[in-house]
Amino acid sequence: MNHTAFDHQRVQVDEGVELHVATTGSGSPVVLLHGFPQTHLMWRHVAADLAADHTVIMPDLRGYGDSDKPADTGLTYAKRTMGADVVAVAKALGHDRFALAGHDRGALVAFRTGLDHPGHVTHLASLDVLPTLDMWDVMRGTSAVVGFHLFLMAQPPGLAEELIGARPDAFFGHFVDLWSTEPFPADVRAEYLRASREAVTSIVADYRASATVDVEHDTADAQARLRMPVTVLQQDWGAALGFDAEALWRRWAPDLDHRTVSCGHFMAEEAPDVVAGAIRDLLER
């Protein structure tokens, strides 16, 4: 399902790896990275707003949507690798410097891209995640049961893929429905389930990386800081799990605008005006 308002192309980012990339608009570039269990389509409303004065670039992350899904070698789905994909996409489209916003899994890629490529990322927005090290630290006790999928997909290769692959629509549909405060349009929901159904192995590999190699990389860079202006939009997880989200983020991002939102997890679709407005505010800093 290609959104007709977008231009679509395939961009090579690594040897044997191409990403499906949607673009729209003209002006200074903004790259938008989708989350789980979604594709670039999640940005359709926000992109329509930003396209008035920005070139909006929306790749399907490697392993997701209509992008390639290479076999995992241990580093294949590291956020460092996926961040290098982002820089490669922007460069292929003629942009050396760009603003970057990510939701969920895409926000983890954006975080790593900002740490690894500060000369390329001018502004960074994160929607509804904590940095990987902080996320694992707060997932404790029965209140963390909501994150069961993080632990399932962190297991060694085999079990999670078999279980999820047996009933992919039930698994992915659980999150699409649970995390939204209002139903998705039927065609959009069906597209997310199709894309996820065809990417079980690579989605699991992406999550497994966040319990292995991503932890190693972020631990090694525990003293690093995001040098660009950062905006974080987040549900009030701290109230449920007992932590100060803004304080955790500020340790990584000294120039931080942290905003708590009242919409659900899929905020770019539920409250696109809020998200687009926050990105526009970020770009003025």
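The values are calculated or read from the model by the stated rules, or taken from the named source; none is laboratory data. Keep in mind the model is a prediction, meaning the values are calculated, not measured. Here the Cβ is made from the backbone with ideal geometry for all residues, glycine too, and neighbour counts use every protein chain on show. Accessible surface areas use protein heavy atoms only, side chains included; no ligands, DNA or RNA. Shrake-Rupley method; radii C 1.70, N 1.55, O 1.52, S 1.80 Å.
Between VAL146 and ALA186, the distance separating the two model label sites (each 7 Å from Cα on the Cα→Cβ line) works out to 3.0 nm.
Global size of segment 1-89: 12.8, 41 Å for Rg and Dmax (C-alpha atoms, Rg to one decimal, Dmax whole).
How would you classify segment 84-172 from its alpha-carbon gyration tensor, with a ≥ b ≥ c the square roots of the eigenvalues: rounded for a/c under 1.5, else prolate if a/b is greater than b/c, otherwise oblate? Intermediate results must be reported in sequence, preceding the final value.
Values: a/c = 2.85, a/b = 1.75, b/c = 1.62.
Prolate is the answer for segment 84-172, as a/c is 1.5 or above and a/b outweighs b/c.
When both segment 142-214 and segment 1-78 are represented by their alpha-carbon centers, they are found 19 Å apart.
With a 1.4 Å probe and all protein chains left in place, how much of the accessible area of segment 213-262 comes from carbon and sulfur atoms, in whole percent?
Details: 1190 of 2500 Å².
Taking all protein chains in place, segment 213-262 shows 47 percent carbon and sulfur surface.
In the chain, which helices (entire DSSP H runs) extend 24 Å or more along their own long axis, judged by Cα positions, while averaging at least 1.0 on the Kyte-Doolittle scale? Helix filter hits for the chain: none.
Rolling a 1.4 Å probe over the protein heavy atoms of segment 40-118, with every protein chain left in place, gives an accessible area that is 53 percent carbon and sulfur.
Largest first, what is the accessible-area ranking of LYS69, LYS91, LYS79 with a 1.4 Å probe? Please list the in-between numbers first.
On the way: LYS69 75, LYS91 155, LYS79 5 Å².
Sorted by accessible area, descending: LYS91, LYS69, LYS79.
Positive contributions from Lys and Arg (+1) and negative ones from Asp and Glu (-1), summed over other residues with Cβ under 15 Å from the Cβ of ALA144, come out at -1.
So between GLN12 and ARG250, what do we pick up on full extension, going 0.36 nm a residue minus the alpha carbon distance?
Numbers: separation 238, 0.36 × 238 = 85.68 nm, distance 3.47 nm.
Working it through step by step, the gained length comes to 82.2 nm.
Sorting the segments 45-55, 124-134, 248-258 by their mean number of nearby beta carbons within 10 angstrom, highest to lowest, gives 124-134, 45-55, 248-258. Per residue, the average separation of C-alpha pairs within less than 8 Å and at least 6 apart gives segment 22-128 a relative contact order of 29 percent.
Accessible area per residue for segment 148-187 is 58 Å², calculated with a 1.4 Å probe on protein heavy atoms, without ligands, DNA or RNA.
Which of the three applies to segment 160-273, rounded, prolate or oblate, going by the alpha-carbon gyration tensor with a ≥ b ≥ c and a/c under 1.5 meaning rounded?
Numbers: a/c = 2.35, a/b = 1.35, b/c = 1.73.
It is oblate, given that a/c is not under 1.5 and a/b is not larger than b/c.
Legend: P(r) of the chain from all alpha carbon pair distances, 10 Å bins from 0, whole percents, reading 7, 31, 40, 20, 2. Rolling a 1.4 Å probe over the protein heavy atoms gives segment 39-82 an accessible area of 29 Å² per residue.
Using heavy atoms of the protein chains and a probe of 1.4 Å, the accessible area assigned to THR24 is about 30 Å².
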